[in-house]
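This report refers to the structure that appears directly beneath it.
The values are calculated or read from the model by the stated rules, or taken from the named source; none is laboratory data. Everything quoted here is computed from the prediction, not taken from an experiment. In this analysis, Cβ positions are derived from the backbone assuming ideal geometry, glycine residues included, and neighbour counts consider all displayed protein chains. Only protein heavy atoms, including side chains, enter the accessible area calculation; ligands, DNA and RNA are left aside. Shrake-Rupley method; radii C 1.70, N 1.55, O 1.52, S 1.80 Å.
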Amino acid sequence: MAITLIRSTSLDSTVLTTEEALRELVLFRLGERTHAIDLHDIREIIPRRRATRIPGAPRDVAGIINVRGTIVTVIDLGARLAGELASADGSVILVQHGQKLVGIAVDEVCKVLRLPPADIDPVQADAARIAGLSSEHGGVVTGLGHSGDSIVIILDIHTIITHVLL
Amino acid sequence: MDLSRYAELFLTESREHLSAINHLLLELERTPGASEPLDAIFRAVHTIKGMSATMGYGPVAELTHELESLLDRVRRGESRISAPLLDVSFATADALESAIDLAVAGRIDEIEVTQLLGRLRALASDKPARAKANGKKRRATSDNGEAGMLVRVRLAPDTQLSGVRAYLVVKRAETLGTVHSLSPSIEALQAGDFDRKFSLRLNTHEPAGAVEAALRSVGDVESVSAMSGSEENQTTPPNPDLHVDPVGEALPREALRQQQHIRIELRRLDTLMNLIGELMITRGRLVETAAAAGDLAVTEAVSEASRLISQLQDEIMMSRMVPVHHVFDRFPRLVRDAARSLGKNVEFAMSGKEIELDRSMLDEIGDPIVHLLRNAVDHGFETPAEREAAGKPAFGKLTLSAARERSSVTVRVSDDGRGIDRVRVLAKAREQGFVTDAAKTELTDEELIRMIARPGFSTKDQVTDLSGRGVGIDAVYSRVRALGGSVEIKTAAGQGTTTILRLPITLAIIRALLARVHDEVYAIPLTHVQETVALTPSHLKTVRGQEVLLMRGDVLPLVRMRTLASQPVAQDGTAHVIVLELGERRMGLVVDELSGQQDIVVKHFDAVRGGAALFSGATILSDGSPSLIVDVGSLL
C-alpha cells in the first residue's frame, strides 16, 4: 500500500524548523467520512485479510489475524464508528497500544497529512454535533482538522482500543 | 576500567549466595550447635563482601562486613546462636537482597542500612574487650618483611572473562594492603593475556591465611597461595610457573569434564523457542504442500526435514528446562517467616526439587505456590493451643512436592491443619448470594471448589498481612488455568487440605487435537483429552434439560462446541465427541470433525469485551490462519 505524502497548501515553503510543530496524521476513509489518527501511533499498514472470529465478541471486533507470527486482534472501526462493517477489501492499520499491537480495519487508507496546530480545532461539544458525528464518536474525537475544503475527524485511537479490549 | 559491565555477573552470583545463606540460616535455626552451616554462611557472606567491595558497592560491603563480624564471633565461641541473632541475620539477608538490586541498578544512594548496621553492631559488641585483644594479637604476629607477601593466584580453567577476574583479585588485594610487583603486568592481565596464573607482592598486616581467604572469595579462583617474606626464603623460588599445587594440578581436567555448562541469556533461549515455533508452522505447510505435489523425492526430503525439526524442537525444549528448586529454594524461609508472624508452629518439608520445568513456566508458578503456602499457614493450621486440644502433634506438617506425570508436572501443597470448613464456606456463599437454595445443608467437593475459586471469595473475616485479602485462591486458579494447567483440592475436616496443581511441562508448545466446527477450527490441548468417539445418535439422551451420552454404562454430560461458539446448530451429519477429563470431572465436547493431532505453538491474544471466556490462547495453523485454543478448565 503506497502512501502519498502531501503537505497542506499553506505549507509549501515552510522552513525546516517549523516542521517539529506539525502534527503528522494518517488519513483514512470510513464510508463517506475522512478520519485521522496520529502517525506515530502506527506501526504498519497491511491489506485486510480474513480474521478468525472470536465467539461472543461484539460486531466491532473482526477477530484475530496472524501478522508474522504475532496474533493481532482486529477492531472493525467501520462497525464501531460508522455503523457499517469496514470493506473486506480495505486495510488494517496496526497500532502500537502500549505493549500490544492492535489492528484497526478501515475502508481505505488515503494519505499522510501534516497539519500545523492552527489548522486543528480542538473539539467542542457542538463542533462534534455540527460535523454531524454519531454518538459513538463521543469522547474519542480529539479535534477537527482542516485540509483544504474538507474536514478531518481526528480520533483518539487509544481510547477506542481501551473500550474494546478487555 | 568500567565495572558496570560485570554488574550482571555480580547480581547472579550474589543471588545464588543469598539463597544459600537463607537456607543455611534455617538449618542453623534448627540445629544451633552445628558448625557446618555456620562456616558455609560465613564463606558466602565473605564472598559477597569481597565482590561488592570490588564493585564499589559500599553499603553492601558494609552490611556483609558487619554480618561477617557477628558470625565470626559465633565461630570463635564469643557469641551464641540466639533468636535475636538469627532474626538480625535473616533481616540482613533480606536487606542485602534489595541493596544488591539497588546497587546494580545504579541506585546506590537509595540504599538505607543505617538501622540494620546499628542492630548488627549492637549484637556484635556484647563483649568488645575480648575481640579487641584478639585483633591486637593477630596484628603482632604478622611480619612480612619489606618485599611483602608473595601471592600466587591461579584462576579456575572455565573462568569467563579471566582478565576481569584477575583484575578483581588485584582490586581485592588492594583492600588488604599495598600491591606491587604484579606479574604479568596489569595491562596484560586486563587484556586476558595470561595463562590463568599470576603473582603479586602485597605489603599487609593480614596473616597469609586471611589473604588467601580474601582473594579466594573473589570467585573463580582455583588456588591462592600467600607466603610471608620469611617463609618464602626457605621454600620455592618465586616463579609462579614452577609452583606446584597438588590440589590445583589435579583439578583442571576433572573440572573440565564435570563443568560442561555455560551461561546463556534467557532472551536467546526465548528467541530460539520462537524461531522453532515458526519453523514448526512452516513445517506443517511444507508437509501439506509436498503431499499435494505428489513427488516422491520431495516427500522424502520433507519427511526427513520434518524429523530433524522435531529433534531440534526437543533439544531446544530440553535446554529450557530448569529444576524447580530455583523457585522452591526460597519457600522454607517464606514459610518460616509466615509461621512466626502468625504464631503457628509449622514443620515444612519439600520433595522433588530436582523435577524440571520450562523456565517460563517456572517463573509463572512461583506466585501461585507462594499463595497456597501462605494460605496453608494462615488458614490451614490451627493455633498451637487448638492443635493440642485436638490431640495433634504440636508442629503442623506442611509439605510441598513436585512430581513428573507423563507430559505434566504435579505440584502438591499439603497440610495437616483444620481442613476447609464446609459449613462456613456454605454460610459465606449464602451471605454473598452465591447460594440461594435454602434447603442446601452441605457442599459437595466440586461445589466447594467452585465456591472458593470465585473471585473475591474469602471466609476470613479479619484481613491479615499474609492472606485473606479476598484475592484468594481464585488468583491461583486463574493463573494456573491460564498456564494450561488445572487445580484440584482435597480436604477433610480436622485432617487438612491438599491442593494439587497439574501443569504442562512447557508453556510454549503443546500437543493438541484440532477439531472442525462448522467452518472453523479449534485446538483442544491433549492433556485433558481422555478419548474421542463417534457420536451415536441412539446413545443420546436428555436428562433434566442436559444432553448426555450413554457410554459403556456411564453417563457423560455433553456440551456442543457449536453452541459455545455461537454457530448455527448442525443439521444431520456425523459428529464426534471429545471426552475431556479434569480431576474427577468428565464431559464430552461435541464437534463436527476431528482433524488430527499436532504440536501447536501457544500464543497470547488480546481478549475483547464480550468475547467468550473460553479460550486460553491462540495458535497459528499450517495455512497461516490463527485458531483459538479451548480452555478445558473453563468447561469443566
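Select from region A:68-84 the residues that are buried (at least 22 other Cβ atoms within 10 Å of the Cβ), part of a strand (DSSP E or B) and not acidic (Asp, Glu) and write down the one among them that is nearest to the other protein chains (Cβ to nearest Cβ). Selected residue: A:Thr73.
Criterion first (modelled with pLDDT under 85 and farther than 25 Å from A:Thr52 by Cβ) does B:Asp572 satisfy it? Taking the combined requirement at face value, the residue satisfies it. Checked against (1) farther than 29 Å from B:Ser310 by Cα; (2) open to solvent by 60 Å² or more (accessible area, probe 1.4 Å); (3) within 13 Å of another protein chain (Cβ to nearest Cβ); (4) in contact with a helix residue (DSSP H, G or I) (Cβ under 8 Å, 6 or more places away or on another chain), B:Asp623 passes all but a single condition, namely (1). State yes or no: is A:Arg48 without any contact (Cβ under 8 Å) to a residue 60 or more places away in the chain, more than 10 Å from every other protein chain (Cβ to nearest Cβ) and basic (Lys, Arg)? Yes, satisfied.
When you go through B:Glu206, B:Glu174, B:Glu187 one by one, which is the residue that is in contact (Cβ under 8 Å) with a residue 60 or more places away in the chain and not β-branched (Val, Ile, Thr)? After applying the criteria, what remains is B:Glu206. Filtered by the rule that a residue be closer than 22 Å to B:Ala570 by Cβ, within 13 Å of chain A (Cβ to nearest Cβ) and in a loop (DSSP other than H, G, I, E, B), region B:590-620 gives B:Ala612, B:Leu614.
For region B:277-304, the tally of residues that are surrounded by fewer than 15 Cβ atoms within 10 Å (Cβ to Cβ), more than 14 Å from chain A (Cβ to nearest Cβ) and assigned to a helix (DSSP H, G or I) stands at 13. Would you call B:Leu636 facing chain A (nearest Cβ under 8 Å), in contact with a strand residue (DSSP E or B) (Cβ under 9 Å, 6 or more places away or on another chain) and surrounded by fewer than 21 Cβ atoms within 10 Å (Cβ to Cβ)? Considered against the rule, which asks whether it is facing chain A (nearest Cβ under 8 Å), in contact with a strand residue (DSSP E or B) (Cβ under 9 Å, 6 or more places away or on another chain) and surrounded by fewer than 21 Cβ atoms within 10 Å (Cβ to Cβ), B:Leu636 comes out as no. Before we move on, is B:Ser408 open to solvent by less than 40 Å² (accessible area, probe 1.4 Å) and at pLDDT 90 or above? Answer is no for this residue. The number of residues in region B:314-348 being open to solvent by 40 Å² or more (accessible area, probe 1.4 Å) and in contact with a Lys or Arg (Cβ under 9 Å, 6 or more places away or on another chain) comes to 5. Of the residues in region B:527-544, not one is within 27 Å of B:Val287 (Cβ to Cβ), surrounded by 15 or more Cβ atoms within 10 Å (Cβ to Cβ), within 14 Å of another protein chain (Cβ to nearest Cβ) and at pLDDT 90 or above. When we screen A:Ile54, A:Ile65 for residues that are within 12 Å of chain B (Cβ to nearest Cβ), crowded, with 21+ Cβ neighbours inside 10 Å and part of a strand (DSSP E or B), the only hit is A:Ile65. Restricting region B:551-569 to residues that are assigned to a loop (DSSP other than H, G, I, E, B) and buried (at least 17 other Cβ atoms within 10 Å of the Cβ), the residue that is nearest to the other protein chains (Cβ to nearest Cβ) is B:Ala565.
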